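As structure tokens, the structure follows; a few thoughts come after it.
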Amino acid sequence: MTMTDPVADLLTRVRNANRRHAKSVCMPASKLKVRIAQVLQEEGYIRSYRVEPKTPQSDLVLDLKYGPDGEFVIREIKRISKPGCRVYSSTKTLPRVLRGQGIYVLSTPKGVLSDRAARKENVGGEVLCQVY
């Protein structure tokens, strides 16, 4: 079976592991998924990530993060731009998630960035997902 939307697969795996209060989640790695993981770590939604080399494809392992009493750090994570309906936004038209409580992850000409970083760099792009 071929995967048509690897970003949706990443988000679904994170969502499912989060609901189970799993310590970590493993998935096939790609450059895009690693960049999304990097943005999630920079914004404080996951503890860490690592790429474990394997053949034929490396694995991406995300270490999930929870609050001191086990509360969810990632309350919701959902796909915005889908393969059948891409969503693009400039820095001026990009709305804030929960008045700045959450983030959008964008694929921009300067790489995969959070909405805050995209505003700072003044670049728009494809809105991959929303996290809060």
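With 19 Å as the limit, the listed pairs K82/K120; K33/K120; K78/K110; K31/K54; K31/K65 have K82/K120; K33/K120; K78/K110; K31/K65 beyond it between alpha carbons. Basic side chains Lys and Arg get +1 at the Cβ, acidic Asp and Glu get -1 at the Cβ, and with that the dipole of the chain about its Cα centre reaches some 200 debye. A 1.4 Å probe run over the stretch 50-132, with the rest of the protein chains in place, finds 58 Å² accessible per residue. Annotation note: trypsin sites (Lys or Arg not before Pro) in the stretch 57-132 located in DSSP loop regions with a Cβ neighbour count of at most 15 within 10 Å are R75, R86, K92, R96, K110.
The GluC sites (Glu not before Pro) of the stretch 56-129 that meet both conditions, a loop assignment by DSSP and at most 12 other Cβ atoms within 10 Å of the site Cβ, are E71. The portion of the accessible surface of the chain made up by carbon and sulfur, rounded to a whole percent, is 51 (1.4 Å probe; DNA, RNA and ligands excluded). FRET efficiency for the pair Q57 and R119, taken as 1/(1 + (r/R0)^6) with r the Cβ-Cβ distance and R0 = 30 Å, rounds to 0.30. The distance between label points at K23 and R35 comes to 3.2 nm (points 7 Å beyond Cα on the Cα→Cβ vector). With a cut-off of 16 Å on the backbone N, the residues of the stretch 47-76 near the modelled label site 7 Å out from Q101 along Cα-Cβ are 67, 71-76.
Applying the criteria of a DSSP loop state and at most 15 other Cβ atoms within 10 Å to the trypsin sites (Lys or Arg not before Pro) of the stretch 1-56 yields R20, K23, K54.
Once you order the gyration tensor axes a ≥ b ≥ c over the Cα atoms, which shape class does the stretch 13-132 get: rounded for a/c under 1.5, otherwise prolate or oblate by comparing a/b with b/c? Spell out each step's value before the answer.
Numbers: a/c = 1.93, a/b = 1.29, b/c = 1.49.
Oblate is the answer for the stretch 13-132, as a/c is 1.5 or above yet b/c matches or exceeds a/b.
For the stretch 71-125, taking Cα atoms only, Rg and Dmax work out to 11.7, 35 Å respectively.
The values are calculated or read from the model by the stated rules, or taken from the named source; none is laboratory data. The shown structure was predicted, so the numbers you read here are calculated from the model rather than taken from an experiment. Heads up, the Cβs are rebuilt from the backbone with ideal geometry, glycines too, and the neighbour counts pull from every protein chain shown. When the accessible area is computed, the model is the full protein with side chains, heavy atoms only, and any ligands, DNA or RNA have been set aside. Shrake-Rupley method; radii C 1.70, N 1.55, O 1.52, S 1.80 Å.
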